[in-house]
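Participant: Below is the structure I would like to discuss, written out as structure tokens.
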Amino acid sequence: MIIKQFALYRTMIISLGVMLILAFWPIAAEFGYYRPDWLSLWLIFWALYYPQKLGVWLACMVGLVWDITTGSLLGSYALSSAIVVYVGRRLGRHLAMFNIVEKAVLVIFLVVLALAVRLALWLIFDYVTWSQVVHYLSVLLLTLLAWPLVVDALARVSVKDN
Amino acid sequence: MEHFERKKRRFDSFPMQSYRLLGVALVVSAIMFVDLRYPQWVEPIRHYALQLFEPVLRLLSYPQRIYDVTNESLLSHHQLLQENKLLKSLLLQKSVQMQQVSELKAENMRLLALVESGVNLDDNFIYAQILSASSQPQQHVVLLNKGLREGIKVGYPVLDATGVMGQVIEASHRLSQVMLIADNRHALPVRVRRTQQGAILKGMGDTQRLKLEYAAETMDIKEGDILETSGVGLYFPAGYPVAKVSEVKKHTGKAFAQIYATPLAHLDSSQHVIVLFKQASLPVNVQVVSVLPNQDVPK
């Protein structure tokens, strides 16, 4: 049992590492807004499918690591991550009973929430301008498109470990 | 039984989560306050994080580097000859221009020596290559392949062949991060080359548009004017071209004019840059009194 639990944490860490590499994979500056929000996808998956493994404090810590490595306003990723995990765990309690449309609506809501909290903080503290916020629509769209791939890949590895 | 208890705990813990979220919000607010109010306290954390993350970033830059090298080695003999010819003619052009520059420089040095100024016109530089843009698209920050090992320090100005690009904001052993002048957190003291009037050039988060702030409504400025570094501040030496004025809007009754400029450096496409090595000398060093050394000061 303990070994199985450890295996799941290992999967969490490895998948986070993969997300970090995907987030930092060098792409041309003009395609900067065409990169999915990998951290949100990781958080939403673990919050919805393994709520007992990912709490708000752990989400906050992961967000803080993201803040430091990306050079963002310290605490912006941390707060948005904690909120997304909190809301995800609350609304995803009956995930097994949700049909595909309800699941999709929930994921869209959580991705929008993550981006909205972060962008609001960046706007307040002048880290981003309104004209740049508009570009985040492409980030939102690509994040939603990437969700089926992420959920499929993570579900395969996590089910095997669990 | 074990499975049942685990499930039970999972549901029972939810009211507790609200308090936890509140705790997170309080801690995050404190961290955010420190980051905004005392950035110097956070600076070492960012530095060590970049240092720790450096091997990963370097490793990630290799696919592009390998692609570039392969691309270059696949150039045909004819293409290389053409390029060589072009570069030779450019070199000749530049050397002719340099002859004039060195004459002007010598004259300038003589004049500066006359007023015993500590200004040194020789700027050393480090050649560097841009590895990648920031993973955060709203930030105009790029990664250079040189760092502390090569002598790069935080604050050093970065230029490309056509103008000022930005400034080093973080450096690890073998990498450094440069904030471009287009970033909306960047501001640079400039002056109009034609009239020598000063203002502040601020980024707007757009690589094609910068805003000139604190330019008086009465300022003599027109479209096409070149803005250059004014040398005010610690790191940027005076006289390097930064931007070209693209739009001037003056509203009667308002203290400041609305002026926009286009950067001269190719912020989007430049791959090779120069990091200036020497700090700008402050105008404080210029001692005007020394021109008249023997005059008695009236008491």
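Quick note: the coordinates plus some simple rules give every number you see, no bench work behind them. What you are looking at is a predicted structure, and each value in this text was computed from that prediction instead of being measured. Note: ideal-geometry Cβ built from the backbone for every residue, glycine included; neighbour counts use all protein chains shown.
Participant: What's the extension gain from B:SER95 to B:VAL56 if we count 0.36 nm per residue and subtract their Cα-Cα distance?
Facilitator: Contour length minus Cα-Cα distance gives 9.9 nm.
Participant: While we're looking at this one, here's another question. What angle do you read, to the nearest 10 degrees and between 0 and 90, between the alpha-carbon axis of helix A:130-161 and the longest principal axis of chain A?
Facilitator: Tilt relative to chain A: about 20 degrees.
Participant: Between B:GLN196 and A:ILE21, take the C-beta separation as r, use R0 = 60 Å, and let me know the FRET efficiency to the nearest 0.05.
Facilitator: With R0 = 60 Å, the Cβ-Cβ based efficiency is 0.75.
Participant: Of B:LYS94/B:LYS153; A:LYS103/A:LYS160; B:LYS105/B:LYS146; B:LYS153/B:LYS244; B:LYS105/B:LYS211; B:LYS222/B:LYS254, which ones are farther than 20 Å apart at the Cα?
Facilitator: Pairs exceeding 20 Å: B:LYS94/B:LYS153; A:LYS103/A:LYS160; B:LYS105/B:LYS146; B:LYS153/B:LYS244; B:LYS105/B:LYS211.
Participant: Subtract the Cα-Cα distance of B:ALA216 and B:ASN124 from 0.36 nm times their separation in residues, and report this length gain in nm to one decimal.
Facilitator: 29.6 nm
Participant: Related question: Farthest toward the dipole's positive end in the protein assembly as shown, which of A:PRO36, A:LEU54, B:PHE125, given Cβ charges of +1 (Lys, Arg) and -1 (Asp, Glu) about the Cα centre?
Facilitator: Going by the Cα projections, it comes out as A:LEU54.
Participant: Between A:ASP152 and A:THR129, what length comes free when the chain is fully extended (0.36 nm per residue of separation minus the Cα-Cα distance, one decimal in nm)?
Facilitator: Full-extension gain reported as 4.8 nm.
Participant: Suppose only helical runs count, i.e. DSSP H with n ≥ 4. What mean residue ellipticity at 222 nm does that imply for the protein assembly as shown under -39500 (n - 2.57) per run, divided by all residues and rounded to the nearest 500 deg cm²/dmol?
Facilitator: -17500 deg cm²/dmol
Participant: Determine, for each peptide in B:97-104, B:147-154, A:91-98, B:196-203, the mean count of other beta carbons within 10 angstrom over its residues, then list the peptides with the highest first.
Facilitator: The packing order, highest mean first, is B:196-203, B:147-154, A:91-98, B:97-104.
Participant: Rounded to the nearest 20 Debye, what is the dipole magnitude of the stretch B:120-171 about its Cα centre when Lys and Arg each give +1 and Asp and Glu each give -1 at the C-beta?
Facilitator: 160
Participant: Counting partner chain Cβ atoms within 10 Å of every residue's Cβ in A:48-56, what's the average?
Facilitator: 3
Participant: For the stretch B:96-196, what relative contact order do you get, as a whole percent, if you take Cα pairs closer than 8 Å and at least 6 residues apart?
Facilitator: 18
Participant: Another one. How high is the relative contact order of chain A, in percent, counting Cα pairs under 8 Å that sit 6 or more residues apart?
Facilitator: 30
Participant: Now for a separate question. Before anything else, pin down the relative contact order of the stretch A:72-158: Cα pairs under 8 Å, at least 6 apart, normalised by residue count, whole percent.
Facilitator: Computed value for the stretch A:72-158: 34 percent relative contact order.
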